[in-house]
Amino acid sequence: SIVLLSSCDITIIDEGPFDPRDIYLGRFEVEEYSQTYDLLTRYRMRIVKDADPYSNVIYLRNFYAVDIEVFGEIIGERINIPRQVSDGYIVQGSGRCELGDVHLSYSVEDGLSDSGVADFCTTVLFRD
């Protein structure tokens, strides 16, 4: 009887946990429609995440085209932008990723202004 012995090298690649934030990351062309002022604004935004692979936080840079950064939390299939103040702007909203684009609805209030007017916006971020 003949016995054949062979050896195999098994390589296990650990890529870490699946991170649901990854589908939101990148640089985007933004079309923001203000329902309050009936105005369409185009600008650029970037979405990044923090280094903690177990975090659900993303950061939206150049939000509202005023060079502020706000944070959002990925909860299931949605983005929650909790009420927060960034450089005097009071922001809150929500969104989702749809076919690679990010759709957001939010309100922005200039906390440094006496007007007290909240700008309600619906926005689409188109991936570069």
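If you work out Cα extents along the principal axes in Å from the coordinates, which of [x] 92, 24, 22; [y] 39, 33, 27; [z] 44, 38, 27 do you get? Read-out taken from this structure: [x].
For Thr41 and Glu77, what does the FRET efficiency come to when R0 = 25 Å and r is the distance between their Cβ atoms, rounded to the nearest 0.05?
The pair Thr41/Glu77 has a calculated efficiency of 0.40.
Between Glu31 and Val117, the modelled labels are 2.4 nm apart [label points 7 Å from Cα along Cα→Cβ]. Per residue, the chain exposes an accessible area of 65 Å² to a 1.4 Å probe, with every protein chain left in place. For region 39-128, GluC sites (Glu not before Pro) meeting the loop criterion (DSSP other than H, G, I, E, B) and having at most 11 other Cβ atoms within 10 Å: Glu77. When the accessible area of the chain is computed with all protein chains present and a 1.4 Å probe, what percentage of it is carbon and sulfur? Ligands and nucleic acids excluded, carbon and sulfur give 52 percent.
The values are calculated or read from the model by the stated rules, or taken from the named source; none is laboratory data. Since the structure is predicted, the reported quantities are computational estimates derived from the model, not experimental observations. When we count neighbours, we look across all protein chains shown, and the Cβ atoms used for this are built from the backbone with ideal geometry, even at glycine. To get the accessible areas, we keep the full protein, side chains included, count just its heavy atoms, and leave off ligands, DNA and RNA. Shrake-Rupley method; radii C 1.70, N 1.55, O 1.52, S 1.80 Å.
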